[in-house]
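The values are calculated or read from the model by the stated rules, or taken from the named source; none is laboratory data. All values derive from a computational prediction rather than experimental measurement. We place every Cβ from the backbone using ideal geometry, glycine too, and count neighbours over all the protein chains shown. SASA here: full protein model, heavy atoms, side chains in, ligands and nucleic acids out. Shrake-Rupley method; radii C 1.70, N 1.55, O 1.52, S 1.80 Å.
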Amino acid sequence: MTPGDLRNPHGTGHVIDTVRALMRTGGLGVSLAAVARASGTSRGFLYANWKSASALHVRALRAELGQVFDTARRTRPSDGTVPGIVSHLTEAVRLVRRHPTTAAVARTDPAALLSSHTALDGPVLRTAAGLIGDLLHPLAPHGGVWSDPRLDSRPWKLLWIARPAALCPGAVGDPAREEALDGLFGELALDLLAPWADRE
């Protein structure tokens, strides 16, 4: 994204940033008309480039996930060890749970939030699995996760156990419940990565 994208109403960065901001309060109820108004462009332009509000929602959610992992990298960076990776992932899970978009989606479309707990594929899930795979790379420094069939399956397995803890905005503000969710996720993640713990 170039600086011009932020000023150009037809710039992809500007449009996606607008959708991200709107989804933090409107969740999946954000319409193309609302995006067009807020970004200073037209519905025709948005339809021509993204086809639907859902396509914009997906782009915004993928951008939010990237931001979550960047924030976790700053606040709780991984040192490349299994405990460090699990700590980083636990922070990412907590950030998703506390994210205003998570709460807004739960409020505006509880069925969509519920179905996201068990979805098997999709662009947002693939993005999350890719971010987790990047985080696991130090466990197989000579070839990354693809060099070890067992490790290659771990991003999806970690994602499967992360979703119940991450997509639980009702726990936010309840320290005991949040601690329990983080603790359970951490224990399961350590179990999944145990075969690589002795290589450190």
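Can you tell me which residues in segment 164-181 are open to solvent by 20 Å² or more (accessible area, probe 1.4 Å) and either of a type in the set (A, V, I, L, M, F, W, C) or within 17 Å of the chain's Cα centre (by Cα) (or both)?
If the condition is that a residue be open to solvent by 20 Å² or more (accessible area, probe 1.4 Å) and either of a type in the set (A, V, I, L, M, F, W, C) or within 17 Å of the chain's Cα centre (by Cα) (or both), then 164, 167, 168, 169, 172, 176, 180, 181 are the ones that fit.
Give segment 142-162 a look and list any residue that's open to solvent by less than 20 Å² (accessible area, probe 1.4 Å) and within 13 Å of residue 128 (Cα to Cα), or say none.
155, 158, 159, 162
If a residue counts only when it is surrounded by fewer than 14 Cβ atoms within 10 Å (Cβ to Cβ), which helices (runs of 4 or more DSSP H) contained entirely in segment 27-138 have at least 1 such residues?
Values: elements: 32-39, 43-50, 53-75, 82-98, 100-108, 110-116, 123-136.
In segment 27-138, 32-39, 43-50, 53-75, 110-116, 123-136 are the helices (runs of 4 or more DSSP H) which contain 1 or more residues that are surrounded by fewer than 14 Cβ atoms within 10 Å (Cβ to Cβ).
If I filter segment 89-112 down to residues being more than 13 Å from the chain's Cα centre (by Cα) and in contact (Cβ under 8 Å) with a residue 12 or more places away in the chain, which single residue comes out as nearest to residue 183 (Cα to Cα)?
Looking at the filtered set, the residue picked out is 103.
Pairs please, first residue from segment 114-137 and touching a residue at least 24 places away in the same chain (Cβ under 8 Å), second anywhere and open to solvent by 80 Å² or more (accessible area, probe 1.4 Å), Cβ atoms under 7 Å, 6+ apart in sequence or on different chains.
Qualifying pairs under 7 Å: 123/62; 124/62; 127/62; 129/156.
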